[in-house]
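The values are calculated or read from the model by the stated rules, or taken from the named source; none is laboratory data. Computed from a predicted model, the values in this text were never measured in an experiment. All Cβ positions, even for glycine, are placed from backbone atoms using ideal geometry, and neighbour counts span all protein chains on display.
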Amino acid sequence: MTPLLEIRDLSVAFRTRRRDVTAVENVSMEILPGQTVAVVGESGSGKSTTAAAVNRLLPANGRITGGQVLFDGRDLVKASAREMSAIRGAGIGLVPQDPMSNLNPLMRIGDQIAEALEVHGVATGKAARARVLELLNLVGIPDPARRIGQYPHEFSGGMRQRALIAMGLACRPKLLIADEPTSALDVTVQRRILDQLEQLTAEMGTAVFLITHDLALAAERADVVAVMHQGRIVETGKAGEILAEPEHEYTRRLLGAVPSLSSVRVAEPERAAEDLVVVEGLRKVFPIRGTGEELTAVDAVSFAIPRGRTVSIVGESGSGKSTTANLLLGLDGATSGSIRFDGTDLAGLGRRELFAFRRRVQPVFQNPYASLDPRYPVGKSIAEPLRVHRVGGAAERKKAAAELLEKVSLPASMADRLPHELSGGQRQRVAIARALALSPELVVLDEAVSALDVLVQAQILELLAELQRELGLSYLFISHDLAVVRMISHAVHVMRNGRIVESGTAEDIFDHPEQDYTRELLAAIPGAGPSGERGGERGGGQG
Amino acid sequence: MRLRNRILTTVGTLFGVAVLVFVMLRAIPGDQITAGLGTEAAALTPAQRQALEQYYGLDQSLFTQFFSWLGNMLTGNFGYSARQQQSVLDLTLHSLPVTIELAVLSIVLALLIGVPLGMLAASRTNSARDALGQVVSLAGLSVPAFLLATTLLSVFAASFGFNPNGQGFATLADDPLLNLRQMLLPALVLGFGIAAPILRTTRTAVLEVRSEDFVRTARAKGVPERRLQVRHVLGNALVPIVTMTGLQFGYLLGGAVVVEQIFSVPGIGRQVLLGIQQKEYAVVQSTVLVIALAFVLVNLLTDALYRVIDPRVRAS
């Protein structure tokens, strides 16, 4: 069979201030008609750039420096702007990554999908509307007749992604580029949407070029998997073979780092320990703007955090887990219920006492890019809590910053660097160092490793476990990622719609889940389902 | 709830303007009597002066003056201009439409210059066309209106014999053609000045929107470049452009004094200026309040436009 898409020796460079940086180097691969090929790699590996080069939508400073992209026998590298317009959408569809930013906020959903049909002359007017209704129905959007006239802000993330899939498939393209199509969504939504996408492309005979950072997801969904590292494809093979017998050293490292339900736990076995934090009957109600109604974000939540232990709260977006974290940090007041920290109720604290309390509880947030001041050198950021709480003089604080950097395995010389000079993993280490500056007893980690690539994620988790052993820290670990939670937790609470639906030790929750919701969450993890079974024991209690 | 807040802040703003203009006018030395009589005012006997003060209502307490003026305004009595022998309401009914016409023409010209040039400048940053946009906007911002106005006036009158503003002013109803000829130069001067901020706003907004994900997605769907720029980019850039336009429009309603004076356009700015020269308190106070009200209304209109442009504003 002749390949639908053949990439030959493709190289892409980005022009930076001083020189050209090669992002993709001599990449060759092919996709047969109807086939699904996944390209897996970490951020910066060049996988998205490769995809963008195929339909020639590279950022303004990027250009193809060599090679060919043969689509249906035509070299797209040489195609004119007009020819590319005709191919995009009609021959090559795109499902982008972030459903929140990829729809025009001022246009109705229906009009945006219809536009794809109109610009390629597939259908206009009433015929286009009928086709859009059919597409909305196909991608699983209920009540399409009403939805067609709505704007993006009236859609949830999952619904938006469905609309984007409808848009990408509107003209029945021969190839669909899906660039991390579900990484911004909750796991249960992720699974449903991928199922839908798989079914639709199979029906239409559309080949899929799947870009993902998730090796398990790639193996589960693709026929062929290519692993990219530093702009090159290091390994290509059938999905099952790559997982079973990775040949390249990098693929093996990647596989080893993937937190899975079968991963060895970092945490030590449970011993009796006194409770540092006791939360009882916690409830938080927010007024919904403009309606006079109220939203109960957290309801009847009770749990305890023993000293030196990690307690995790897992749940999907909107489950109330981050609100719970904010209440515990004293950033927000509870509507009712109590949080006792070392025997003292937070609700009764005055301003000065709250200030003192904050020394003992420190946060690490999800986004290492946003949580550091871009104008502060790293050392200054780390020493800032010391300055705020008037600990030591300038020289002592500088020394403390150097020691903290070493504690998180960064060279002390890094203190003078600015955040933009650091990688994501290094920044998160800096954020952890800052959290440790005041020698807190409790660290609240709100999705602290979610934005990191798997290899980096594994290193940070190890660091956290090490620091816990060394300093006797207690962690409240907030995450949507059950596999990561299993690696680090002593106790786990599953939250849904503001309530804790299931609690237990990590083993209880993962090996013997009692609630349907917990089972659904476990099953939705790529690699845990029936088709993605990997070596080692399986986590979920059902098939 | 929202509407009530809106009305309350509007009333509060207008009341503040009223207090401010009332106090400031009285802080200026001299009054209507001295301004009207000039040096002869010194020759007034105390009795004459008292009679005049009584006539103008200047003998009453400031408190009474303030509230009787406000109360009268609410009943439609804006006061009387002794100098022009006309009620302020009549004066305003003649001058306000002229100013509004001038403002609308200026804004239209400014948009016609600013938006296309802004889009052009954004289409290729740091290119010749971007530089052209920068030059135009810098000129618009830095050349003072009085200089441009007098230059245009002398060049057109001396070299081309085009001087429609030399004859008596014709309203749109009197003689539309003459009116438009008389409006041309002042609108051009004002429009050029306002085109600059609009150009800059357009350029920035277009650049920002162009790098949005949804624009790339639209491109990936096969939308041709021209349609992409108009439907996806310009549409989303409109909100800041409308904001800037609304601000400038409000400013034009009161701020065109110099240009109106140079081109002898009997607008509301000129009415205030004459009032200040003559210290006719009623004229200045009432006219300024009308201008403030117009400003507030333009702001309301701008907000209403957001709702038309952006469905998210409608929802919240």
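Test A:Gln112 against the stated conditions and say whether it is at pLDDT below 95 and facing chain B (nearest Cβ under 9 Å). It would help to see each step written out before you state the result.
Numbers: at pLDDT below 95: no; facing chain B (nearest Cβ under 9 Å): yes.
No; evaluated as a whole, the condition is false for this residue.
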TODO: Would you check if there is a residue in the stretch A:230-249 being within 20 Å of the chain's Cα centre (by Cα) and at pLDDT 90 or above?
DONE: no
TODO: Could you list all residues from the stretch A:228-244 that are among the hydrophobic types (A, V, I, L, M, F, W, C), closer than 14 Å to A:Gly46 by Cβ and in contact (Cβ under 8 Å) with a residue 40 or more places away in the chain?
DONE: A:Met228, A:Ile233
Task: Restricting the stretch A:115-137 to residues that are facing chain B (nearest Cβ under 9 Å) and touching a residue at least 12 places away in the same chain (Cβ under 8 Å), the residue that is nearest to the chain's Cα centre (by Cα) - done: A:Ala116
TODO: Hey, can you tell me all the residues within the stretch A:421-444 that are touching a Phe, Trp or Tyr at 6+ places or on another chain (Cβ under 9 Å) and either closer than 12 Å to A:Val378 by Cβ or in a loop (DSSP other than H, G, I, E, B) (or both)?
DONE: A:Arg427, A:Ala431, A:Glu441
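Quick one: which residue in B:Ile107, B:Ile113, B:Ile33, B:Ile7 is under 24 Å from B:Thr171 (Cβ atoms) and aliphatic (A, V, I, L, M)?
Working: B:Ile113 fails: under 24 Å from B:Thr171 (Cβ atoms); B:Ile33 fails: under 24 Å from B:Thr171 (Cβ atoms); B:Ile7 fails: under 24 Å from B:Thr171 (Cβ atoms).
Of B:Ile107, B:Ile113, B:Ile33, B:Ile7, the one residue that is under 24 Å from B:Thr171 (Cβ atoms) and aliphatic (A, V, I, L, M) is B:Ile107.
Going through A:Ser48, A:Ser85, A:Ser43 one at a time, which residue ends up being part of a loop (DSSP other than H, G, I, E, B) and under 26 Å from A:Arg162 (Cα atoms)?
Numbers: A:Ser48 fails: part of a loop (DSSP other than H, G, I, E, B); A:Ser85 fails: part of a loop (DSSP other than H, G, I, E, B).
Going through A:Ser48, A:Ser85, A:Ser43 in turn, the sole match is A:Ser43.
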Open item on the list: If the requirement is being crowded, with 16+ Cβ neighbours inside 10 Å, free of Cβ contacts under 8 Å to residues at least 60 places away in the same chain and either more than 16 Å from B:Val259 (Cβ to Cβ) or assigned by TED's automatic domain parsing to the domain that holds B:Leu93 (or both), which of these qualifies: B:Phe162, B:Phe192?
Closed with: B:Phe162
TODO: Could you please find all residues in the stretch A:399-420 being surrounded by 15 or more Cβ atoms within 10 Å (Cβ to Cβ), more than 25 Å from A:Arg469 (Cβ to Cβ) and not small (Gly, Ala, Ser)?
DONE: A:Arg417, A:Leu418, A:Pro419
Task: Residue ID - farthest from the chain's Cα centre (by Cα), chosen from residues in the stretch A:82-104 that are among the aliphatic types (A, V, I, L, M) and at the interface with chain B (Cβ under 7 Å from one of its Cβ atoms) - done: A:Ala86
- [ ] Looking only at the stretch A:155-178, decide whether some residue is within 13 Å of chain B (Cβ to nearest Cβ), in contact (Cβ under 8 Å) with a residue 24 or more places away in the chain, closer than 30 Å to B:Leu305 by Cβ and over 25 Å from the mean Cα position of the chain (by Cα).
- [x] no
Task: Any pair with Cβ under 8 angstrom, 6 or more apart, that starts in the stretch A:50-61 at a residue that is on the phi > 0 side of the Ramachandran plot and assigned by TED's automatic domain parsing to the domain that holds A:Ile87 and ends at one that is in a loop (DSSP other than H, G, I, E, B) and modelled with pLDDT of 90 or more - done: A:Arg56/A:Ala79
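Condition check ((1) more than 9 Å from chain A (Cβ to nearest Cβ); (2) closer than 30 Å to B:Thr171 by Cβ; (3) without any contact (Cβ under 8 Å) to a residue 24 or more places away in the chain; (4) surrounded by fewer than 18 Cβ atoms within 10 Å (Cβ to Cβ)) across all residues:
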position	(1), (2), (3), (4)
B:Gly222	no, no, yes, no
B:Gln229	yes, no, no, no
B:Gly235	no, no, no, yes
B:Leu238	no, no, no, no
B:Thr243	yes, no, no, yes
B:Gly246	yes, yes, no, no
Task: Residue ID - farthest from the other protein chains (Cβ to nearest Cβ), chosen from residues in the stretch B:286-306 that are over 17 Å from the mean Cα position of the chain (by Cα) and buried (at least 16 other Cβ atoms within 10 Å of the Cβ) - done: B:Leu305
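One line per residue, one yes/no per condition, for (1) within 19 Å of the chain's Cα centre (by Cα); (2) under 26 Å from A:Phe286 (Cβ atoms); (3) modelled with pLDDT under 90:
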| site | (1), (2), (3) |
| --- | --- |
| A:Val456 | yes, no, yes |
| A:Ser474 | no, no, no |
| A:Ile478 | yes, yes, no |
| A:Leu482 | yes, no, yes |
| A:Arg486 | yes, no, yes |
| A:His493 | no, yes, no |
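Does the stretch B:24-83 hold any residues that are among the β-branched types (Val, Ile, Thr), surrounded by fewer than 10 Cβ atoms within 10 Å (Cβ to Cβ) and modelled with pLDDT of 80 or more, and which are they?
Keep residues of the stretch B:24-83 that are among the β-branched types (Val, Ile, Thr), which gives B:28, B:33-34, B:39, B:45, B:64, B:75.
Add one more test, that the residue is surrounded by fewer than 10 Cβ atoms within 10 Å (Cβ to Cβ), and what stays is B:39, B:45, B:75.
Selection gives B:Thr45, B:Thr75.
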Open item on the list: Quick test for you: out of B:Ile309, B:Ile268, pick the one residue that is within 14 Å of chain A (Cβ to nearest Cβ) and in contact (Cβ under 8 Å) with a residue 24 or more places away in the chain.
Closed with: B:Ile309
Task: Test: residue in the stretch A:390-399 that is in contact (Cβ under 8 Å) with a residue 60 or more places away in the chain and within 28 Å of A:Asp275 (Cα to Cα) - done: no
TODO: Specify the residue that is farthest from the other protein chains (Cβ to nearest Cβ); the eligible residues are those in the stretch A:51-75 that are within 25 Å of A:Arg221 (Cβ to Cβ) and not in a loop (DSSP other than H, G, I, E, B).
DONE: A:Leu70
TODO: Scan the stretch A:372-398 for residues that are surrounded by 14 or more Cβ atoms within 10 Å (Cβ to Cβ) and in a helix (DSSP H, G or I) and jot them down.
DONE: A:Val378, A:Gly379, A:Lys380, A:Ser381, A:Ile382, A:Ala383, A:Glu384, A:Pro385, A:Leu386, A:Arg397, A:Lys398
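Every residue, every condition in (1) crowded, with 21+ Cβ neighbours inside 10 Å; (2) in contact (Cβ under 8 Å) with a residue 60 or more places away in the chain; (3) not in a helix (DSSP H, G or I), yes or no:
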site	(1), (2), (3)
A:Ala465	no, yes, no
A:Val494	yes, yes, yes
A:Ser503	no, yes, yes
A:Thr518	yes, no, no
- [ ] Report yes if A:Arg191 is of a type in the set (Lys, Arg) and within 14 Å of another protein chain (Cβ to nearest Cβ), otherwise no.
- [x] no
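For the stretch A:9-29, indicate whether the set of residues that are in contact (Cβ under 8 Å) with a residue 12 or more places away in the chain, closer than 24 Å to A:Ala170 by Cβ and not in a helix (DSSP H, G or I) is non-empty. Quick ask: steps written out before the conclusion?
Applying the first criterion (in contact (Cβ under 8 Å) with a residue 12 or more places away in the chain) to the stretch A:9-29 yields A:9-16, A:20, A:22-29.
Next, only the ones that are closer than 24 Å to A:Ala170 by Cβ stay: none.
No, because not a single residue in the stretch A:9-29 is in contact (Cβ under 8 Å) with a residue 12 or more places away in the chain, closer than 24 Å to A:Ala170 by Cβ and not in a helix (DSSP H, G or I).
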- [ ] Look through the stretch B:195-220, keep the residues that are touching a residue at least 24 places away in the same chain (Cβ under 8 Å) and small (Gly, Ala, Ser), and return whichever of them is nearest to the other protein chains (Cβ to nearest Cβ).
- [x] B:Ala205
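Are there any helices (runs of 4 or more DSSP H) wholly within the stretch B:10-84 with 2 or more residues that are under 32 Å from the mean Cα position of the chain (by Cα) and of a type in the set (Gly, Ala, Ser), and if so which? So that I can check it myself, show each step before the final result.
Numbers: elements: B:32-37, B:46-56, B:62-74.
In the stretch B:10-84, B:32-37, B:62-74 are the helices (runs of 4 or more DSSP H) which contain 2 or more residues that are under 32 Å from the mean Cα position of the chain (by Cα) and of a type in the set (Gly, Ala, Ser).
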Open item on the list: Give me the residue from the stretch A:312-351 that is surrounded by fewer than 22 Cβ atoms within 10 Å (Cβ to Cβ) and basic (Lys, Arg) and, out of that set, nearest to A:Arg486 (Cα to Cα).
Closed with: A:Arg340
TODO: Report yes if A:Val208 is away from chain B (no Cβ under 14 Å), assigned to a strand (DSSP E or B), in contact (Cβ under 8 Å) with a residue 24 or more places away in the chain and not basic (Lys, Arg), otherwise no.
DONE: yes
